[in-house]
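Visitor: Sharing a structure with you now.
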Amino acid sequence: MMELLTDPTLIRKWSGGEAILENKVGGRFEMFDGWVIGKVLKASENELAYTWKTSDWPEDTAPTEVHYLLKEDEAGTKVILHHAGFMDEEEMKSHKSGWTDFFFDPMEDFILIIDKS
């Protein structure tokens, strides 16, 4: 599962956009054709964290932080996401729906396609 979050080739396949992820602390992160950029804060077997700043935020806006924790359970792998540090509640709500619509739903569809192969 972690490869779907860290392998740029796989990220491109499920997201439909260009992606860069240097899977090491301090590494570069970009997704959705450069719409979001950041730096890797943590990279381990079951955890990943990076800063997140979109190209449509004002230049002086501080980046947010995205943290993933992967936990195995009987149904497979559970992904615990924590995204914090938003400039306001409106941006937080926008990203909440965006995680489902543009991240986890396309990733799930990609997994289903692989499972059927």
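The values are calculated or read from the model by the stated rules, or taken from the named source; none is laboratory data. Note that the structure is predicted; figures quoted are calculated from it, not measured. Cβ coordinates were reconstructed from backbone atoms using ideal geometry, including for glycine residues, and neighbour counts include every protein chain displayed. Protein only, heavy atoms only, side chains kept; ligands, DNA and RNA dropped before computing areas. Shrake-Rupley method; radii C 1.70, N 1.55, O 1.52, S 1.80 Å.
Visitor: Going down the table (LYS13/LYS71; LYS53/LYS93; LYS42/LYS78; LYS24/LYS71), which pairs top 22 Å between alpha carbons?
Guide: As for pairs spanning more than 22 Å Cα to Cα, those are LYS13/LYS71.
Visitor: Sticking with this one: Determine the share of the chain's accessible area contributed by carbon and sulfur atoms, expressed in whole percent, with a 1.4 angstrom probe. If you can, show how the numbers build up before the last one.
Guide: Numbers: 3730 of 7250 Å².
Carbon plus sulfur share of accessible area: 51 percent.
Visitor: Sticking with this one: For n ≥ 4 DSSP H runs only, could you compute -39500 (n - 2.57) per run for the chain, divide by its residues and tell me the 222 nm figure to the nearest 500?
Guide: -8500 deg cm²/dmol
Visitor: Distance in nm between label sites at ILE20 and THR61, each 7 Å beyond Cα in the beta-carbon direction?
Guide: Between ILE20 and THR61, the label points sit 2.1 nm apart.
Visitor: Moving on. Is segment 72-117 rounded, prolate or oblate when judged by the Cα gyration tensor, a ≥ b ≥ c being the square roots of its eigenvalues, rounded requiring a/c under 1.5 and prolate requiring a/b larger than b/c?
Guide: Taking the square roots of the gyration eigenvalues as a ≥ b ≥ c, segment 72-117 is oblate.
Visitor: Using a cut-off of 12 Å between beta-carbons, work out the net charge of the residues near PRO58 (Lys and Arg +1, Asp and Glu -1, PRO58 not included).
Guide: Residues close to PRO58 contribute a combined charge of -4.
Visitor: Related question: For the chain, what is the Kirkwood estimate of the hydrodynamic radius, computed as the reciprocal of the mean inverse distance between distinct Cα atoms, to one decimal in Å?
Guide: In the chain this quantity evaluates to 14.8 Å.
Visitor: Write down the accessible area per residue of the chain in Å², having rolled a 1.4 Å probe over the full set of protein chains. Write down the numbers at each step before the final one.
Guide: Numbers: 7250 Å² over 117 residues.
Normalised by residue count, the accessible surface of the chain is 62 Å².
Visitor: To continue, here is another question. Order the following by accessible area, largest value first: HIS95, HIS67. Probe radius 1.4 Å; ligands, DNA and RNA are ignored.
Guide: Ranked list, largest accessible area first: HIS67, HIS95.
Visitor: Next question, about the same structure. Please list 3J(HN,Hα) in residue order for segment 12-29, calculated via the Karplus relation 6.51 cos²θ - 1.76 cosθ + 1.60 where θ = phi - 60°; whole Hz, with x for glycine and proline.
Guide: 4, 5, 7, 8, x, x, 5, 8, 9, 8, 8, 6, 7, 4, x, x, 7, 9
Visitor: To continue, here is another question. With a cut-off of at most 10 other beta carbons within 10 Å, and DSSP calling the residue loop, which GluC sites (Glu not before Pro) in segment 28-78 qualify? Please list them.
Guide: Counting only loop positions with at most 10 other Cβ atoms within 10 Å, the GluC sites (Glu not before Pro) in segment 28-78 are GLU45, GLU59, GLU74.
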